[in-house]
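Structure, as structure tokens:
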Amino acid sequence: MAETRSLEEEQRIASLVDAQTKALQLFDDIAKGLIRPGVTERELSKEIYELGERKHGIRTHWHKRVVRSGPNTLQPYAENPPDRTLETDDIVFVDLGPVFEAWEADFGRTYVIGDDPVKKKLRDDLEPTWRTVKAEFDANPDMTGGELYAAAHRAAKAAGWEFGGAIAGHLIGSFPHERIPRDQTALYITEGNNKKMRSLGKDGHPRHWILEIHLVDRERQIGGFFEQLLTVD
């Protein structure tokens, strides 16, 4: 029985990795031609959807498409700031949740238009900060969601930024992943989640998580975002 569960878990991991790999390919295409001044966030979101459907066969997104630029990059996922036009010297992030063959991806990346050194540093600090937080998770098998959220804040501060979100990630899986109505804590990497992240889900399988890093500079009115699978290398 243990071998069967192990094989099933390997297949689940392979499906999550495959979904993320396909999401990365979509983001590569977005970076090549869609991020540009003069387009509004809403128009860019529509172009991303059309590109995903046309070239990557994506018809379902399990969460709203998030395209934020300039001061809107300060706003966390739950907010819906006014539509804005991308400018010639701008910072932009994209957060998508495409579904590939019933498996969810959740992927976020940040782009800089122009040569502003502070915006470039913010963009370039995102992945190293993500890796610092992942290293803490990997080193502590009993880590809770609240503890990892605190680690994300420490890593942001160490990099010279402020952590911008009320959460630093969430569960991910087959579509739709495990949900508890009105639960804003147990299924998220957030303050107050005292449950071990490596505890089993309702289906008896190990839970898989997305880690998201949202770094902001409120004085300069800019932010950056980076997210991908935490529990799968």
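The values are calculated or read from the model by the stated rules, or taken from the named source; none is laboratory data. Keep in mind that this is a model prediction, so the values were computed, not measured. Virtual Cβ from ideal backbone geometry, glycine too; neighbours counted across all protein chains shown.
Suppose we filter region 1-47 for residues that are within 23 Å of THR88 (Cα to Cα) and modelled with pLDDT of 90 or more; how many remain?
Residues that pass the stated criteria total 20.
One residue stands out among those in region 147-167 that are of a type in the set (Gly, Ala, Ser) and in contact with a Ser or Thr (Cβ under 7 Å, 6 or more places away or on another chain): the one that is surrounded by the fewest Cβ atoms within 10 Å (Cβ to Cβ), which is ALA166.
Just one residue in the set ALA31, ALA23 is surrounded by 20 or more Cβ atoms within 10 Å (Cβ to Cβ) and small (Gly, Ala, Ser); that residue is ALA23.
Where strands (runs of 3 or more DSSP E) fall entirely within region 63-140, those with at least 1 residues that are within 22 Å of LEU26 (Cα to Cα) and hydroxyl-bearing (Ser, Thr, Tyr) are at 66-69, 107-113.
Of the set (1) assigned to a loop (DSSP other than H, G, I, E, B); (2) farther than 24 Å from VAL112 by Cα; (3) at pLDDT 95 or above, all apply to GLU219 but (2).
Within region 196-219, the set of residues being surrounded by fewer than 21 Cβ atoms within 10 Å (Cβ to Cβ) and under 25 Å from LYS157 (Cα atoms) comprises LYS196, ASP217, ARG218, GLU219. At pLDDT below 95 and surrounded by 15 or more Cβ atoms within 10 Å (Cβ to Cβ): does that describe ILE172? When the stated conditions are applied, ILE172 passes them. Within the set GLU79, GLU41, the sole residue that is surrounded by fewer than 15 Cβ atoms within 10 Å (Cβ to Cβ) and under 25 Å from ILE222 (Cβ atoms) turns out to be GLU79. Kindly establish whether ALA159 is in contact with a helix residue (DSSP H, G or I) (Cβ under 6 Å, 6 or more places away or on another chain) and not polar (S, T, N, Q). So ALA159 passes the test. Restricting region 60-76 to residues that are over 21 Å from VAL39 (Cα atoms) and either in contact (Cβ under 8 Å) with a residue 40 or more places away in the chain or crowded, with 21+ Cβ neighbours inside 10 Å (or both) leaves a set whose member that is farthest from the chain's Cα centre (by Cα) is THR60. Inclusion of GLU87 among residues that are acidic (Asp, Glu), modelled with pLDDT under 95 and either out of contact with any Gly (no Cβ under 9 Å at 6 or more places or on another chain) or more than 30 Å from GLN184 (Cβ to Cβ) (or both) is not warranted. Residues that are at pLDDT 95 or above, assigned to a loop (DSSP other than H, G, I, E, B) and within 21 Å of GLN221 (Cβ to Cβ) occur in region 145-159; there is at least one.
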